[in-house]
Amino acid sequence: MKHLTFDEVIHYGDGRYAIDWDNGERKYKEPFREIKVYESGLIEVCEDGARDPSWRRHVGRTFDLDFRLMSGFGDYSFFDPDTGRKVLKKHIDKGVLLYDHVWSRVYVGHRWGSKFTFLSEHAQPTSKHPVTYRVPSKKRYDERMAQLAECFALGETLNALLGRAGALGYGYIGWTPVGWTHESMLVGDKPIPTDLTTKDAQDFCLAIAVGKVNAEKKIYEATRDVHTTPYLIVKEK
C-alpha cells in the first residue's frame, strides 16, 4: 500500500477530517470510501471490495491495494506460514484476498466486516479475520461413515419397503433438505439415535439413505481438518 499521511490526504467526506468517537475520539481523514488515515499514522481499510470490482480497481490504481478474487491467483501458490505446507486454493474459504507484494502474503476480508490495519509505513499489515482453509481427512471421514453404517443399512431397508414415493414423504437429504436435527446428527453435532426401533430414529435413517450422495458430501465437509492462520505466503509458479 502507498504510504499515506494525515496531513497530506484530503478528506472524502464533510469537513476537514472525521472523528472516531468509539475509539478514543481519534481524528482521521478518509481519502476514499472505507480508507481511514489516522492522525497517529495508523491506516485502516474497512472494506474488501466484495461484489464491487470498481472499488477494487480504484484502490488498486490509487493506493496500491491489490484486492483479488481467488480467480486472480492462477499463477501463484499459497503456503501456510507456520508449517510451510502448500495450501490448495480449493481448500481455502471463499473471500476477497488482499495481496501484499512487499511481504508476499495474502490476507482475507469478510464482506462488510473487513478491517485491514497498517500500523506504520514499513509495518506488515494485519487483518481482523484469519485465513481459514479446510483439508479433507480420509481417516475422520471413514470413522464417521463406520459410525453411521447401521443407520444407512436400516434406511436402505426402509426405503426398499416403502418404495420411492413413500420415502419422499418423509423429507430427505437431497433436493429437499431435512431439518436441522437430522443434519446435526449426521455430522456429529448431536448424538446418533441408539434405539433404531423408534420412529424418530427410523426417520433419520431413511433420510440419510434416500439422500445418500448429499449425506456423504455433508459428512465429507464436516470431517475436514480446519486450519486458521493470520495470512498465507504467496509464491509465483
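Mind checking which residues of region 51-92 are over 20 Å from ARG134 (Cβ atoms) and among the aliphatic types (A, V, I, L, M)?
Step one: of region 51-92, the residues over 20 Å from ARG134 (Cβ atoms) are 51-68, 72, 74-75.
Of everything in region 51-92, those that are over 20 Å from ARG134 (Cβ atoms) and among the aliphatic types (A, V, I, L, M) turn out to be VAL59, LEU65.
Restricting the first residue to region 68-80 and requiring it to be among the acidic types (Asp, Glu), which pairs with a second residue that is not in a strand (DSSP E or B) meet a Cβ separation below 7 Å and a spacing of at least six or different chains?
ASP75/LYS237
Suppose we keep only residues that are part of a loop (DSSP other than H, G, I, E, B) and not hydrophobic (A, V, I, L, M, F, W, C) within region 122-141. Which one would you say is farthest from LYS235 (Cα to Cα)? Steps first, please.
Here is the first cut: in region 122-141, the residues part of a loop (DSSP other than H, G, I, E, B) are 122-125, 128-130, 136-137.
Filter again for not hydrophobic (A, V, I, L, M, F, W, C), leaving 122, 124-125, 128-130, 136-137.
Working: HIS122: 21, GLN124: 17, PRO125: 18, LYS128: 23, HIS129: 22, PRO130: 19, PRO136: 23, SER137: 26 Å.
Filtering first and then ranking leaves SER137.
Conditions: (1) assigned by TED's automatic domain parsing to the domain that holds LEU196; (2) among the aliphatic types (A, V, I, L, M); (3) in contact (Cβ under 8 Å) with a residue 12 or more places away in the chain. LEU161 meets all but one. Number of the miss?
Every condition holds for LEU161 apart from (3).
Are there strands (runs of 3 or more DSSP E) fully within region 1-69 with at least 2 residues that are aromatic (Phe, Trp, Tyr) and either touching a strand residue (DSSP E or B) at 6+ places or on another chain (Cβ under 7 Å) or surrounded by 12 or more Cβ atoms within 10 Å (Cβ to Cβ) (or both)? List them. Before the answer, list the steps.
Values: elements: 18-20, 26-32, 35-38, 43-45, 66-68.
Result: 26-32.
Filter region 108-128 for residues that are within 12 Å of the chain's Cα centre (by Cα) and closer than 10 Å to TYR231 by Cβ and give the result. If you could, list the steps in order and put the result at the bottom.
Initial filter on region 108-128 (within 12 Å of the chain's Cα centre (by Cα)): 108-111.
Hit for region 108-128 is VAL108, nothing else.
Can you list residue pairs whose Cβ atoms sit under 6 Å apart, with the first residue in region 1-26 being without any contact (Cβ under 8 Å) to a residue 24 or more places away in the chain and farther than 30 Å from SER104 by Cβ and the second being exposed (fewer than 13 other Cβ atoms within 10 Å of the Cβ) and acidic (Asp, Glu)? Count only pairs 6 or more apart in sequence or on different chains.
What qualifies is ILE19/GLU25.
How many residues, within region 31-64, are small (Gly, Ala, Ser) and over 20 Å from ARG16 (Cα atoms)?
In the first step, residues of region 31-64 are kept if they are small (Gly, Ala, Ser); the result is 40-41, 49-50, 54, 60.
From what's left, over 20 Å from ARG16 (Cα atoms): 49-50, 54, 60.
The number of residues fulfilling the criteria is 4.
Yes or no, residue by residue, for (1) of a type outside the set (Asp, Glu); (2) modelled with pLDDT of 95 or more; (3) assigned by TED's automatic domain parsing to the domain that holds ARG105:
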residue: LYS2; (1), (2), (3): yes, no, no
residue: PHE6; (1), (2), (3): yes, yes, no
residue: VAL9; (1), (2), (3): yes, yes, no
residue: GLY13; (1), (2), (3): yes, no, no
residue: GLU25; (1), (2), (3): no, no, yes
residue: ILE43; (1), (2), (3): yes, yes, yes
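For the subset of region 82-121 comprising residues that are within 18 Å of VAL234 (Cβ to Cβ) and among the hydroxyl-bearing types (Ser, Thr, Tyr), which member is surrounded by the most Cβ atoms within 10 Å (Cβ to Cβ)?
TYR107
Checking the structure you have, find out if any residue of region 177-184 is loosely packed, with under 12 Cβ neighbours inside 10 Å, within 33 Å of the chain's Cα centre (by Cα) and at pLDDT below 85.
Applying the first criterion (loosely packed, with under 12 Cβ neighbours inside 10 Å) to region 177-184 yields 179-180.
When the remaining residues are screened for being within 33 Å of the chain's Cα centre (by Cα), the result is 179-180.
Right, trim to at pLDDT below 85 and you get 179-180.
For region 177-184, residues loosely packed, with under 12 Cβ neighbours inside 10 Å, within 33 Å of the chain's Cα centre (by Cα) and at pLDDT below 85: present.
Out of all the residues in region 78-92, is one or more charged (D, E, K, R) and in a helix (DSSP H, G or I)?
Checked against the condition, which is being charged (D, E, K, R) and in a helix (DSSP H, G or I), region 78-92 yields at least one hit.
The values are calculated or read from the model by the stated rules, or taken from the named source; none is laboratory data. None of the values given here were measured: they were computed from a predicted structure. Positions of Cβ are backbone-derived with ideal geometry, glycine not excepted, and every protein chain shown enters the neighbour counts.
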